[in-house]
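Since every read-out is calculated from the coordinates, none of them should be taken as a lab result. A quick note: this is a predicted structure, and the numbers were derived from the prediction, not measured. Reconstructed Cβ throughout: ideal geometry from the backbone, glycine too, with neighbour counts over all protein chains shown.
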């Protein structure tokens, strides 16, 4: 019998010094009545890549430390290749394994990839069979594979991974790969009303964050890890985001905490292809922001509510906001519903909050950027929800 053992997640591969890229972890066992000499395993390939040309070797290992990784403690017991693209690798074990009745061995199967594998190509296989000889009967034994099909991880050819900060410095349209970035916000439907189609990721070190345009279906789990290939694009001429090409998610727990900062130190100057923001849109010339750029990051800031209004994200889609100010006296160039010049940071009003909040608030959210009516890049703070991201610090009367 062949059963799955330790799950190996779908993953990216890129040219590197690692010759053994793990694909599946399985348990190969004998029935309770007869010892088995296991000597062959059959793997049916699939995916968009050319298995015969792109996979230099398919290696079968005894996973002696049972960790689903190829390590010095493991023993190579067989190797083979695919004769054709999407063909079957029938690997005859160079070291056939005697499996005693009622016992099993742990096995990991790895690929050695060719550096010529094309970007974006995918690879996977199904454990389609195995052969062995009964040590009492002397006859070939049937093998039960459960579940069937028993699929390996899916491998996607990517690029050497870089950081979000490095990605922001690349020219718009340049393809890159990010590895294991943490989801900090989910604004995909149905979590967030249409037409919002973004979620946000951040470096575990909190050094930089960025939005991703679609590529997944919500709701997503804050704390999950995202790996992707994609290109950066400047959304509405204001905010640098990623248009994903291939994207993978693995489960995780939240570790990125919001960075606390006063109103003035949010936003910041230009960084790579991400424009800097304007501190005061009413001056002539406008007053730019300076310092580190926090666009795309999860932040927390505070302020007194100064007014209410609506803004457009792309010239058409309106959202309700309120402005709050901590004394920094930022001015983004909007008018409030009362006709006054806005004062402070615009905060999107999430579901559940009073329509016209008053007093002093602390807000956690994603620091976004949009264009004001004059075409200046200005701040937009987007809390993920009311219950967890907003705190009313107004003293009770």
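Summary table below
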read-out	value
Most mobile listed residue (129, 223, 276) in the chain, GNM with C-alpha springs under 10 Å	129
Within region 5-41: backbone nitrogen closer than 16 Å to the residue 175 label point (7 Å, Cα to C-beta)	12-15
Tensor-based shape of region 275-344 (alpha-carbon gyration tensor, a/c under 1.5 rounded, otherwise prolate or oblate)	rounded
Alpha-carbon centroid distance for the pair region 232-301 / region 38-88, whole angstrom	44
Equivalent-ellipsoid semi-axes of region 259-392, from the Cα gyration tensor, Å, largest first	20, 17, 14
Additional length obtainable on full extension of the chain from residue 341 to residue 1, 0.36 nm per residue less Cα span	115.1 nm
Difference of contour (0.36 nm per residue) and Cα-Cα distance, residue 65 to residue 255	65.5 nm
Most mobile of 134, 365, 344 in a GNM of the chain (Cα contacts under 10 Å)	134
Packing-based exposure ordering (other Cβ within 10 Å, fewest first) of 242, 77	77, 242
Relative contact order (%) - criterion: Cα under 8 Å, at least six apart; region: region 184-298	24
Point-to-point label distance, residue 122-residue 329, nm (Cα→Cβ direction, 7 Å offset)	5.7
Helical contribution to [θ] at 222 nm, DSSP H n ≥ 4, -39,500 (n - 2.57), averaged over the chain, rounded to 500	-500 deg cm²/dmol
Computed label-point distance, nm, for sites residue 84 and residue 262 using a 7 Å Cα→Cβ extension	7.2
Dmax and Rg, reported as Rg then Dmax, of region 29-137 (C-alpha, Å)	15.1, 50
Residue among 135, 44, 274 with the largest mean-square fluctuation in a Gaussian network model of the chain, springs linking Cα atoms under 10 Å	135
Anisotropy class of region 251-304 from Cα gyration tensor, a/c 1.5 cut	oblate
Debye log10 I(q)/I(0) at q = 0.09, 0.16, 0.17 Å⁻¹ for region 155-288, Cα point scatterers	-0.28, -0.86, -0.96
Rg over Rh [alpha-carbon atoms, Kirkwood Rh] for the chain	1.14
Antiparallel DSSP beta bridges within the chain, percent to nearest 5	90
Hypothetical label at residue 234: residues of region 170-202 whose amide nitrogen lies under 16 Å (7 Å Cα-Cβ projection)	170-174
